[in-house]
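Q: Questions regarding the structure given below will be posed in turn.
The values are calculated or read from the model by the stated rules, or taken from the named source; none is laboratory data. These numbers come from a predicted model, not from an experiment. Cβ placement follows ideal geometry from the backbone for every residue including glycine, while neighbour counts extend to all protein chains displayed. Side chains are part of the model used for accessible areas, which takes the heavy atoms of the whole protein and leaves out ligands, DNA and RNA. Shrake-Rupley method; radii C 1.70, N 1.55, O 1.52, S 1.80 Å.
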Amino acid sequence: VFFAGYETGSVWAFDAGSGEPLGEFPGHKKAITALRCWQASASEVEACDDSNEATGGQGTAARLASASLDRTVRVWRPPPLGAAAGAGAGGAAGQCLFSLDFGARNPVADFALLPSGGLLACCWDGMLRHIDMHGRRCANLLQGSSAGLRAVCCPDVPAEGGLVQVFVGTEDAHIVGVSIAQDGELQPRHSWKAHFAQVNALRAYKAWLVSASDDRSIRIWTADRGELLEEFRGHAGAVLALDVSPQSRLVWSGSRDWTIRSWDLGEIENRVRERESMARLDAESASEEARMRLALKNVKKKKPKPKKAAGPGASKKG
């Protein structure tokens, strides 16, 4: 199953094999900005949902979350896969379990799901909000930027100390690194100028961070230091979306130029390894050269100076 969001505010589920519609998720009033699907545990279903969906305390239940320019995030229960068969050409409708409102004139640009069951939303007011999905409330917030936030990503690799690390992309072309403390507090760590225009999408790949921007480029960074490793260019318009396939080591990008492109991360890994190997050899060579110079200098210091020969008129002592 795959999901699609539209500028009209509608969300649809489709069968990935046949392309047949499985169901619509009506409710949003403006364009969809982000979609995330996951398998909610039995405890999450019991604590967060009003659907009375029975799991028997075991197994999982499919859930979908959608963000929109109408300033809301909605959490849905998708229709069962078999429900579309008897629902006609339009499929069966998804059920909205609850909605989160982020305030007037404050659209949600992107959001990410946390391993703990929470949700991180980045908004146009520059605030990063940590949402407690159980209580359906804002647990913590952080002013991520004086400009609006446009993208958020939670890598699987933890930050130093085992804390959850988060990265947000801003309207003023920066990437901001944030860690989530044990008590849920959002703590800024570092930031860097990443592009020449706003950052539209962020995705993690191992210890790397992949960013896409209105400047038509895709860039790869070290997540811990913000060091630029590589840049992809080829799109003729702003790059709006990214997705990473770890198995095939590819990153896919969607652009305003109406194209989808794939980029080889495996080749970049080879280049980075070669650069690191060359840098290590250069460092070893420089160290050996410095050692040899020091040894020659010490030899010159210890070498005795030759005595001057006495002239024919020199007097002898004693």
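Q: One residue is enough: does region 171-192 have a residue meeting the conditions closer than 19 Å to Asp243 by Cα and open to solvent by 10 Å² or more (accessible area, probe 1.4 Å)?
A: no
Q: Suppose we filter Asp101, Asp110 for residues that are over 19 Å from Gln39 (Cα atoms), surrounded by fewer than 21 Cβ atoms within 10 Å (Cβ to Cβ) and modelled with pLDDT of 90 or more; which single one remains?
A: Sole residue among the options that is over 19 Å from Gln39 (Cα atoms), surrounded by fewer than 21 Cβ atoms within 10 Å (Cβ to Cβ) and modelled with pLDDT of 90 or more: Asp101.
Q: Residues that are open to solvent by less than 40 Å² (accessible area, probe 1.4 Å), at pLDDT below 95 and out of contact with any strand residue (DSSP E or B) (no Cβ under 8 Å at 6 or more places or on another chain): which strands (runs of 3 or more DSSP E) entirely in region 201-240 hold 1 or more of them?
A: It comes to none.
Q: Taking region 191-200 only, how many residues are part of a loop (DSSP other than H, G, I, E, B) and within 14 Å of the chain's Cα centre (by Cα)?
A: Total meeting the criteria: 1.
Q: Okay, next question. Is it the case that Leu69 is more than 25 Å from Gly184 (Cα to Cα), under 27 Å from the mean Cα position of the chain (by Cα), at pLDDT 90 or above and open to solvent by 20 Å² or more (accessible area, probe 1.4 Å)?
A: The answer is yes for Leu69.
Q: Continuing with the same structure: Among residues belonging to region 114-170 that are charged (D, E, K, R) and assigned to a loop (DSSP other than H, G, I, E, B), point out the one that is most open to solvent (accessible area, probe 1.4 Å).
A: Glu160
Q: Residues of region 263-284 being surrounded by 14 or more Cβ atoms within 10 Å (Cβ to Cβ) and aliphatic (A, V, I, L, M), which ones?
A: Correct list: Leu265, Ile268, Val272.
Q: Given the condition open to solvent by 50 Å² or more (accessible area, probe 1.4 Å), under 28 Å from the mean Cα position of the chain (by Cα), more than 26 Å from Cys153 (Cβ to Cβ) and modelled with pLDDT of 90 or more, answer yes or no: does some residue in region 29-48 qualify?
A: Taking every residue of region 29-48 in turn, at least one turns out to be open to solvent by 50 Å² or more (accessible area, probe 1.4 Å), under 28 Å from the mean Cα position of the chain (by Cα), more than 26 Å from Cys153 (Cβ to Cβ) and modelled with pLDDT of 90 or more.
Q: On to the next question. For region 250-262, does any single residue satisfy the condition of being under 14 Å from Trp208 (Cα atoms) and loosely packed, with under 12 Cβ neighbours inside 10 Å?
A: No.
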